[in-house]
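Report on one structure; see the data block that follows.
The values are calculated or read from the model by the stated rules, or taken from the named source; none is laboratory data. Because the structure is predicted, anything quoted here is derived from the model rather than measured. Here Cβ is always computed from backbone atoms with ideal geometry, including for glycine, and neighbour counts include all displayed protein chains. With ligands, DNA and RNA removed, areas are computed over all heavy atoms of the protein, side chains included. Shrake-Rupley method; radii C 1.70, N 1.55, O 1.52, S 1.80 Å.
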Amino acid sequence: MGLIPSFIERKDVAESSDSIQISAIFEIEGRTLALLSDIEKKRTILSTVPSKLSEEADILLKSEEKTGAQINLDTGSKVEGYGVFSFSYGPVSAGVTEAGGFKLITYGERIVKVVPQINFKKRGVEHKAIGMKPEDALLLVERSAGNFSASYSTCFVTTIENILGLQVSSRSRWMRAVAIELERIYNHLHVFARLSETATQNVAAAEANVLKERVLRINAKYFGHRYLFGFNRIGSVYQNHFTKDRRKDLVNDIKNITRDFSHLVTYFLSSRIFLDRLQNTARLPHLDALKLGAVGPSARASAIDWDDRITYPIEPYNDIFVEIETEDEEDTMSRTMVRIREIQSSMLMLEQLLDRMPSDETMSDKTSDNGLNYMQDNFSFCRIESPSGDLIQVVQLDKEGYIKFLHIRPPSLVNWLPFAKSLEGNVFTDFQFAYESFGLSYADSDR
Amino acid sequence: MVKFWILHGIKNGILTTKYPKKKPTEEEIPARSVPPFAAPESNWIQGQETCPTDAIENNTNSLDLGRCIYCRRCSDAGFIFDDNPEDRHKSLQAKISQNELIRKEVAGIFSKKTNIFRKSFHILMIDVGSCNACNLEVLNLSNPYYDLTRLGIFFTNSPKHADVLVVVGALNKAMVDVLKQTYDSMPEPKLVISIGACAISGGIFKETESFVSSIDKVIPVDVTVPGCPPSPIQILQGLLLCMNKIEKDERIPGSKGGL
Ligand code: SF4
Ligand code: SF4
């Protein structure tokens, strides 16, 4: 066993609980292992699989591998009776722009239960990657979820680098963080724009869309691609020629966006109609969020203190100032506020990152700070805070360096059940608000 | 507050692109939306081996844009991209022809002179297995930078109202019937555009388990817009082509400002 960084613990946990959640389960060399998140101690635990699994964990694990068949994420009791009406929505539907569906069970105006239907577009990336060279698999992985591409590719290359014990320049790692933060900003702006559209706040929607387009153009200008495809390489990044002037330009571009965004937020917070629509809509109580294992901004809006940038701080997040943004109102408004504050903190983070970017010669520490390396089994994992939450990838290489095993635990997959839970008891018109505020993506959960 | 936004609007000026009156700017067609346009003959084989999607075809000097995912791997094998002026010079000695970008004209009942869609054009997007980036680029067309409505193009949510079906993504087993049903329930006359490498050829996902075939094997496709994802301006070009507002020749394959 290689060195273990301080935020990972290796111990066997007998039973998962509310504060120790199961985040991923995978099989390596015939042994089934689990990654657990210790919410209180803020640590990742690598363990054998706890004997008792919750129903929710079970349903997600069983549904992992299938392709070409839809899966109903159905938990809990059956709802039947006079006046209870059930209908399906999707896979081609207004409002949801992707291929995916829901079964809605309603009683009058009220939604009694929501059953998300996923896997309409399962592409089987994990299966396809087996036997591929890591460089080739990278193309597949970064196209699993286009709008989280920087998180996906960074997670993948970091894992491969850990396994191979590659020396990577600090500059490369910092550039990856720049990309991830830009990605977070445009995704949050997208959510904000969609929410405004749903509330027919057209000025706010147009302004948010303009800001989003500006960030996408920044991506194109500095990274070559609007959705940040293809900038990550194993062991380095393509954009290593970030001169001081270029960095200054980028900081200026970001400062302009920051200024315009603060105007937009002022407008947003002064619009009573908008706020009324979001407050008290689709509550996800703290305990449910814990039990169902919600991640990302949606979990943080229910006062769960977990952000991989702090709880799994690979370089450069161990070196810059990051703050976890939490709220405790548990509703759509809190989720929106968490996202707004994360846009602002990401912008500050970008300024720090670009200001203090190390020179190209500085090599970053090998594995001790960036994840662990099980030499004897050739496998490693990494966690990255993607815009919608905690993304986990586990990779194993064979002796020749080809991929032997790949497991992706996307953030959207675990957020479907919390989303469904939050809608219980709400009226039908709240549906769209809840869907947008969770930032769910079918492409992500179907990979 | 209202006053503020009016002033804000005046200060920012007009953001909307000048396209199609003027050529798209460099900012609107980012570097990675432009395919390689030339390669020395000695490098063909090497390029063919590097290309992850077989876009560079066997022993011929042709490049199938419908397969290219714009990953730029072939630049290591000596393929030349347009964004470097020195490369442009090299291209004088290099030869590479490209496959037709638009594989089909607006076909069937539409003769070239039909102006039926010139005034108002309703589009319906259907996702059959994309990575979400293509979806977002299509949706981005409605933001003030591209402002579809100024051209008489509108999004619709019902196949019954749609004139054109915009298909994104690699056709998944689970979506074949849905795609056919949606197409069948659209009223005549109707058009289909497939957007992105995934829809045109399967792109990077063409060897995955659940991939069925390219869209044109299932429903007739009129216009294709290559890219991974194509930028909104390129999608707009495809739409304008359907509306017969631009000529096919205006889309110069591989050059800047073209597709
Ligand atoms: S850019 Fe990539 S996909 Fe396109 S021809 Fe070159 S290697 Fe092939
Ligand atoms: S063409 Fe590229 S961007 Fe579009 S859906 Fe396919 S992989 Fe995603």
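Which of the residues belonging to the range A:12-34 are touching a strand residue (DSSP E or B) at 6+ places or on another chain (Cβ under 6 Å), surrounded by 11 or more Cβ atoms within 10 Å (Cβ to Cβ) and at pLDDT below 75?
A:Asp12, A:Val13, A:Ser16
With A:Pro297, A:Pro316 as the choices, which residue is closer than 30 Å to B:Arg73 by Cα and open to solvent by less than 20 Å² (accessible area, probe 1.4 Å)? Before you say what the answer is, go through the steps one by one.
On the way: A:Pro297 fails: closer than 30 Å to B:Arg73 by Cα.
Just a single option satisfies the conditions, and that option is A:Pro316.
Pairs needed: first member in the range B:62-82, closer than 20 Å to B:Ala199 by Cα and open to solvent by less than 10 Å² (accessible area, probe 1.4 Å); second member anywhere, away from ligand 2 (no atom under 15 Å from the Cβ) and aliphatic (A, V, I, L, M); C-beta distance under 7 Å; at least 6 residues apart or different chains.
Pairs found: B:Leu63/B:Ile56; B:Leu63/B:Ile96; B:Leu65/B:Leu101.
Can you tell me how many residues within the range A:235-256 are within 14 Å of another protein chain (Cβ to nearest Cβ) and either buried (at least 21 other Cβ atoms within 10 Å of the Cβ) or modelled with pLDDT under 85 (or both)?
5
Please note which helices (runs of 4 or more DSSP H) are completely contained in the range A:330-444 and include at least 2 residues that are open to solvent by less than 30 Å² (accessible area, probe 1.4 Å), modelled with pLDDT of 85 or more and not assigned by TED's automatic domain parsing to the domain that holds A:Asn187. Can you show your working first?
Values: elements: A:332-355, A:411-423, A:431-437.
Qualifying helices (runs of 4 or more DSSP H): A:411-423, A:431-437.
Tally time: how many residues in the range A:221-265 are over 22 Å from the mean Cα position of the chain (by Cα) and more than 16 Å from ligand 1 (Cβ to nearest atom)? Break it down stepwise before answering.
Our first condition is that a residue be over 22 Å from the mean Cα position of the chain (by Cα); within the range A:221-265, this holds for A:221-222, A:224, A:235-236, A:238-265.
Restricting the remaining residues to those that are more than 16 Å from ligand 1 (Cβ to nearest atom) gives A:221-222, A:235-236, A:239-265.
Adding up the residues that qualify gives 31.
A quick yes/no check of all residues on (1) of a type in the set (Phe, Trp, Tyr); (2) touching a His at 6+ places or on another chain (Cβ under 9 Å); (3) surrounded by fewer than 24 Cβ atoms within 10 Å (Cβ to Cβ):
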site: A:Tyr107; (1), (2), (3): yes, no, yes
site: A:Glu126; (1), (2), (3): no, yes, yes
site: A:Ala137; (1), (2), (3): no, no, yes
site: A:Gly165; (1), (2), (3): no, no, yes
site: A:Val168; (1), (2), (3): no, no, yes
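Give the residue that is surrounded by the fewest Cβ atoms within 10 Å (Cβ to Cβ), with candidates limited to residues of the range A:139-163 that are among the small types (Gly, Ala, Ser) and assigned to a loop (DSSP other than H, G, I, E, B).
First pass over the range A:139-163, keeping only residues among the small types (Gly, Ala, Ser): A:144-146, A:149-151, A:153.
Now drop any that are not assigned to a loop (DSSP other than H, G, I, E, B), which leaves A:144-145.
Details: A:Ser144: 25, A:Ala145: 28.
Checked the range A:139-163; the qualifying residue surrounded by the fewest Cβ atoms within 10 Å (Cβ to Cβ) is A:Ser144.
Is it the case, given these coordinates, that A:Glu207 is open to solvent by 20 Å² or more (accessible area, probe 1.4 Å) and among the acidic types (Asp, Glu)? Can you show your working first?
Details: open to solvent by 20 Å² or more (accessible area, probe 1.4 Å): yes; among the acidic types (Asp, Glu): yes.
Yes: the conditions hold for A:Glu207.
Considering only residues that are among the β-branched types (Val, Ile, Thr) and touching a Lys or Arg at 6+ places or on another chain (Cβ under 8 Å), which ones fall in the range A:175-197?
A:Val191
When the residues of the range B:160-177 are narrowed to those that are in contact with a Ser or Thr (Cβ under 7 Å, 6 or more places away or on another chain) and of a type in the set (Val, Ile, Thr), which ends up nearest to the other protein chains (Cβ to nearest Cβ)?
It comes out as B:Val168.
Does any residue of the range A:135-144 turn out to be over 22 Å from A:Asp398 (Cα atoms) and within 14 Å of chain B (Cβ to nearest Cβ)?
Taking the range A:135-144 first, the residues over 22 Å from A:Asp398 (Cα atoms) are A:143-144.
From what is left, the residues that are within 14 Å of chain B (Cβ to nearest Cβ) are A:143-144.
Yes, because at least one residue in the range A:135-144 is over 22 Å from A:Asp398 (Cα atoms) and within 14 Å of chain B (Cβ to nearest Cβ).
Just checking, how many residues over the range A:112-123 are part of a loop (DSSP other than H, G, I, E, B) and surrounded by fewer than 20 Cβ atoms within 10 Å (Cβ to Cβ)? Explain how you work it out, then say what you get.
To start, the set of residues in the range A:112-123 that are part of a loop (DSSP other than H, G, I, E, B) comprises A:119-123.
Remaining after also requiring surrounded by fewer than 20 Cβ atoms within 10 Å (Cβ to Cβ): none.
The qualifying residues number 0.
Step by step: first the residues of the range B:114-148, then only those that are open to solvent by 10 Å² or more (accessible area, probe 1.4 Å) and away from every other protein chain (no Cβ under 12 Å), then the one that is modelled with the lowest pLDDT. Which residue is that?
B:Thr114
What are the residues in the range A:92-105 that are of a type outside the set (Val, Ile, Thr), touching a residue at least 12 places away in the same chain (Cβ under 8 Å) and either open to solvent by less than 20 Å² (accessible area, probe 1.4 Å) or within 14 Å of chain B (Cβ to nearest Cβ) (or both), if any?
Just the residues of the range A:92-105 that are of a type outside the set (Val, Ile, Thr), to begin with: A:93-95, A:98-104.
From the residues that got through so far, the ones that are touching a residue at least 12 places away in the same chain (Cβ under 8 Å) too are A:95, A:98-104.
The answer is A:Gly95, A:Glu98, A:Ala99, A:Gly100, A:Gly101, A:Phe102, A:Leu104.
For the range A:257-282, which positions are open to solvent by 20 Å² or more (accessible area, probe 1.4 Å), within 14 Å of chain B (Cβ to nearest Cβ) and not charged (D, E, K, R)? Talk me through it step by step, then tell me what you get.
Kept after step one, since they are open to solvent by 20 Å² or more (accessible area, probe 1.4 Å), are these residues of the range A:257-282: A:258-259, A:262-263, A:266-267, A:269-270, A:272-273, A:276-277, A:279-280.
The next check asks that each one be within 14 Å of chain B (Cβ to nearest Cβ); those that pass are A:259, A:262-263, A:266-267, A:269-270, A:272-273.
Scanning the range A:257-282 gives A:Ser262, A:His263, A:Thr266, A:Tyr267, A:Leu269, A:Ser270, A:Ile273.
Go through the range B:178-202 residue by residue and tally those that are more than 16 Å from ligand 1 (Cβ to nearest atom) and either open to solvent by less than 10 Å² (accessible area, probe 1.4 Å) or more than 10 Å from chain A (Cβ to nearest Cβ) (or both). Please lay out each step first, then the result.
Step one: list which residues in the range B:178-202 are more than 16 Å from ligand 1 (Cβ to nearest atom), which gives B:178-195.
Then drop every residue that is not either open to solvent by less than 10 Å² (accessible area, probe 1.4 Å) or more than 10 Å from chain A (Cβ to nearest Cβ) (or both), which leaves B:179-180, B:183-195.
Residues flagged as more than 16 Å from ligand 1 (Cβ to nearest atom) and either open to solvent by less than 10 Å² (accessible area, probe 1.4 Å) or more than 10 Å from chain A (Cβ to nearest Cβ) (or both) within the range B:178-202 amount to 15.
Suppose we filter the range B:203-215 for residues that are closer than 21 Å to A:Gly90 by Cα and either open to solvent by less than 20 Å² (accessible area, probe 1.4 Å) or among the charged types (D, E, K, R) (or both); how many remain?
Quick first cut of the range B:203-215, residues closer than 21 Å to A:Gly90 by Cα only: B:210-212, B:215.
Next cut, either open to solvent by less than 20 Å² (accessible area, probe 1.4 Å) or among the charged types (D, E, K, R) (or both) only: B:210, B:215.
Count: 2.
For a quick check of your reading of the model, give me the residue pairs whose first member lies in the range B:123-138 and is among the hydroxyl-bearing types (Ser, Thr, Tyr), whose second is more than 9 Å from ligand 2 (Cβ to nearest atom), with beta-carbon atoms closer than 9 Å and at least 6 apart or on different chains.
B:Ser130/A:Glu98; B:Ser130/A:Ala99; B:Ser130/A:Lys121
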